[in-house]
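Here's the structure we're looking at; comments come further down.
The values are calculated or read from the model by the stated rules, or taken from the named source; none is laboratory data. Quick caveat: nothing in here was measured; it's all calculated off a predicted structure. We place every Cβ from the backbone using ideal geometry, glycine too, and count neighbours over all the protein chains shown. These area figures cover heavy atoms from the full protein model, side chains too; ligands, DNA and RNA do not enter into them. Shrake-Rupley method; radii C 1.70, N 1.55, O 1.52, S 1.80 Å.
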Amino acid sequence: MNSNQQIRKQFDQYFIPNYNPMPVVPNTAKGSKVWDLDGKEYLDFASGIAVSVLGHRHPKLVQALTEQSQKLWHSSNFFTNQPATQLAQKLCELTFAENVFFANSGLEANEAALKLAFKYAEQQGQNKPEILAFENAFHGRSWLTTSISSNKHALKIGSDFNVRRADFNSIQSVKKLISDQTCAVIIEPVQGEGGVRPADQAFLQALKELCVQHQALLIFDEVQTGVGRTTKLYAYQYYGVTPDILTSGKALGGGFPLSAVLTTQKIGAALAAGSHGSTFGGNPLACAVGLEVLKEVSAPSFLPSVSERQVVFWQGLQRLQQSTSVFKALRGLGFLVGLEFQPAFAGQAANFMRLALTQGLMLLVAGPNVVRLAPALNISAADLQTGLELLEQTIQLFSENQ
Ligand SMILES: *Cc1c(COP(=O)(O)O)cnc(C)c1O
């Protein structure tokens, strides 16, 4: 038995079976390359689900983490710390936000965002029991966040949350469901897990206007779209529609668990001292790395170079899509891309992902019918080309096997 097999078998013995990991076990990584326990090399178009935004073990992140690890690991929120305050300042300088709250995962940021919205309504003396969310949404796996995700994620036992689900990109559908009872509208500017579907600019604009009209807070879940993935630091900047609250996660820590809620001072004030918290939120190790991630991604030449390389990426993908009959649609924004299978190959995304691994390519799925690609934003032109070639190889093999 090889090492991959051995560890994978051990997983089955000791883990609650909520995951069904791939047969290969990543062991080391650098930049956009990963090596498994048996020494096989992979080109990474997955980035650990859009997380490793600067690739693996970026020298500046390694340095930031190493330096912080020799100073202070943890102090709790009974104290503040320098990396967290510096990161908060940087986030506010780079966005609409004036105040932030740090947590450790996307769902925690979304929970805090909704709690904040309810507290804010309460403080304003308004009766607003409802949340408006969207079909095919994904906001996390806690009880609340599954309740506001697509029906498929919601727990069968139900919940006490008063959630309505509108159709994504349909302002008519929103108009039917939004009212003065709506406390907050939560939306992903590009639905990630739901199939990599970008919102229309006009839709987000109209949604914002409806929120203003009904005094509902607009929450952008940018856990997946944030930190440069759409070629802007946050997708709201791409769309030119500013939310009241924004959640960021995944890429924010460059691979270290870190998430944040961004908002204005006026709204943020509704979470008064003692009303919310987290043991690890704002952890100095995480924030030291996050600060370095933001410094890199907001450096003047970084996002322009992402814009240039994503054009090459899209051209390559368009050529692949047109030269084969496997995918009917190519969509997304920047370095967040979805390839939807033709109806004949419906349900094949996971099989395609496994096949790609045999060819040395890591990619993602977004539901059963969509292959999702999320390379590191600093991937080299050469690695990008290699990835596209491995993808072409995978498509050929996939077609032959049908
Ligand atoms: C991944 C994701 C989440 C959940 O993040 P976790 O860190 O897994 O809790 C929430 N919203 C969106 C849009 C995501 O992509």
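Top to bottom by accessible area (1.4 Å), largest first, where do Ser147, Ser380 land? Before the final figure, lay out each step's value.
Values: Ser147 10, Ser380 50 Å².
The residues order as Ser380, Ser147, largest area first.
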If you roll a 1.4 Å probe over the heavy atoms of the protein chains, what accessible area per residue do you get for the chain, in Å²? 44 Å²
Before rounding to the nearest 500, sum -39500 (n - 2.57) across all DSSP H runs of length at least 4 in the chain and divide by the residue total; then give [θ] at 222 nm in deg cm²/dmol. -12000 deg cm²/dmol
Cα axis of helix 349-358 to longest principal axis of the chain: angle in degrees, 0 to 90, nearest 10? 50 degrees
Surface share of carbon and sulfur [accessible, 1.4 angstrom probe, percent] for the chain: 53 percent
Could you tell me which of rounded, prolate or oblate describes the stretch 91-240, using a ≥ b ≥ c as the square roots of the eigenvalues of the alpha-carbon gyration tensor, with rounded for a/c under 1.5 and, failing that, prolate when a/b is larger than b/c and oblate otherwise? rounded
Once the piece of chain linking Ala299 and Glu389 is laid out straight, how much longer is it, given 0.36 nm per residue of separation minus the C-alpha distance between them? 29.4 nm
Which is the longest stretch in the chain that no exposed loop site breaks, taking sites as trypsin sites (Lys or Arg not before Pro) with a DSSP loop state and at most 16 other Cβ atoms within 10 Å? 157-402
Acute angle (nearest 10 degrees) that the helix 284-297 long axis makes with the longest principal axis of the chain, alpha-carbon atoms: 70 degrees
Give the Cα extents of the chain along the principal axes, in whole Å, largest first. 63, 54, 47
Taking a threshold of 27 Å on the Cα-Cα distance, which of the pairs Lys115/Lys152; Lys232/Lys266; Lys9/Lys60; Lys152/Lys295; Lys33/Lys250; Lys90/Lys115 fall above it? Lys9/Lys60; Lys152/Lys295
Distance from the stretch 66-126 to the stretch 357-402 (C-alpha centre basis), Å: 35 Å
For helix 59-69, report the angle its Cα long axis makes with the longest principal axis of the Cα atoms of the chain; keep it between 0 and 90° and round to the nearest 10°. 50 degrees
